[in-house]
Amino acid sequence: WTEAGTVKLADIAEIYRGFNAISSDEAADGKYAFIKISDLNNQEVEFSKLAKGNVKENTKVENYQIQKGDILLSARGTTDKLARITDDRPHTLVTQNLVGIRPKKEKVDSRWLLEYLTSPLGLAELASIRVGTTIAQLPMKGLATVKVPKLPLEEQKKMMDAYQGERSLLDKQLSEITMKIQQQKEQLYQEMGITDVYTQHKEEK
């Protein structure tokens, strides 16, 4: 695609920083849940593992509160830590080593945007704007200028619906194949006469 066939990320989404959380903010009975880089895994946030805490009185929590459809990515270190928020999570805040991208619903499908940003080209775009040698940093100004392919919203939605439908089918088939392979292995172990030892070893794990 050419420069003319792209838009800047800042034109199709709002970009926000996480708040500066410190260890003394954390409390088991805290009102808020804090999202850190380590909580991002396989393009999702592991909500069950989030630390709880409170914030100082003058903190504008609405600036850091996640919303459904937001995309989070690491502002420090690795370029491939991204996740999409798929449901509403009240009182859940983004911390300082993450950046939030809030797609404008009338301009871009957040599912499509995540797929682009995690594609080889999207990751290369993100890597190109990072600065620093020891620990790479993601500057907000640079992120705002990241180029995104220009496609009509309806086309994005249609594309993602088709992709997710096919992906869901393939995931189901893969799960069935994996289960059949495991069954074949267990049959082999039975024929080897080592089933009892294998089962005991598996239970100990």
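The values are calculated or read from the model by the stated rules, or taken from the named source; none is laboratory data. The structure displayed is predicted, hence computed values, not measured ones. FYI the Cβ positions are ideal-geometry reconstructions off the backbone, even for glycines, and counts take in every protein chain you see. Note: areas computed on protein heavy atoms with side chains; ligands, DNA, RNA excluded. Shrake-Rupley method; radii C 1.70, N 1.55, O 1.52, S 1.80 Å.
Pairs of alpha-carbon atoms within less than 8 angstrom and 6+ residues apart define the contacts here; what relative contact order does the chain have, in percent? Don't jump to the answer; show the numbers that get you there.
Numbers: 304 pairs, mean separation 47.0, N = 205.
Relative contact order, the chain: 23 percent.
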>> Distance between the C-alpha centers of segment 143-162 and segment 98-124? Whole Å please.
In response: 8 Å
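Can you give the calculated 222 nm mean residue ellipticity of the chain, where each DSSP H run of n ≥ 4 adds -39,500 (n - 2.57) and the sum is split over every residue, rounded to the nearest 500 deg cm²/dmol?
For the chain, the value works out to -12000 deg cm²/dmol.
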>> I want to verify a result. In a Gaussian network model of the chain, Cα cutoff 10 Å, which of these has the top mean-square fluctuation: THR195, THR145, THR95?
In response: THR195
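Just the number, please: carbon plus sulfur as a percent of the accessible area of the chain, 1.4 Å probe, no ligands or DNA/RNA counted.
Working: 6570 of 12920 Å².
So the carbon and sulfur contribution to the accessible surface is 51 percent.
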> Pick from GLY193, GLY53, GLY142: which residue has the top mean-square fluctuation in a GNM of the chain where Cα pairs under 10 Å get a spring?
Replying inline: GLY193
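Counting pairs of alpha carbon atoms under 8 Å apart in space and at least six apart in sequence, what relative contact order in percent does segment 119-205 give? Mind dumping the intermediate values first?
On the way: 20 pairs, mean separation 11.9, N = 87.
That works out to 14 percent.
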>> Which trypsin sites (Lys or Arg not before Pro) in segment 22-94 sit in a loop by DSSP (not H, G, I, E or B) and have at most 14 other Cβ atoms within 10 Å of their own Cβ?
In response: LYS31, LYS56, LYS60, LYS68
> With every protein chain present, what is the per residue accessible area of segment 48-205 (1.4 Å probe, Å²)?
Replying inline: 64 Å²
>> Using the Cα atoms of segment 88-131, I'd like the radius of gyration and the largest Cα-Cα distance, Dmax, both in angstrom.
In response: 12.8, 34
>> For Kirkwood radius over Cα pairs in Å, one of (1) 16.7; (2) 17.9; (3) 19.6 was computed from the structure I shared and the rest are decoys. Which label?
In response: (3)
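I need the GluC sites (Glu not before Pro) found in segment 6-97, filtered to DSSP loop residues with at most 10 other beta carbons within 10 Å of theirs.
Answer in residue order: GLU57.
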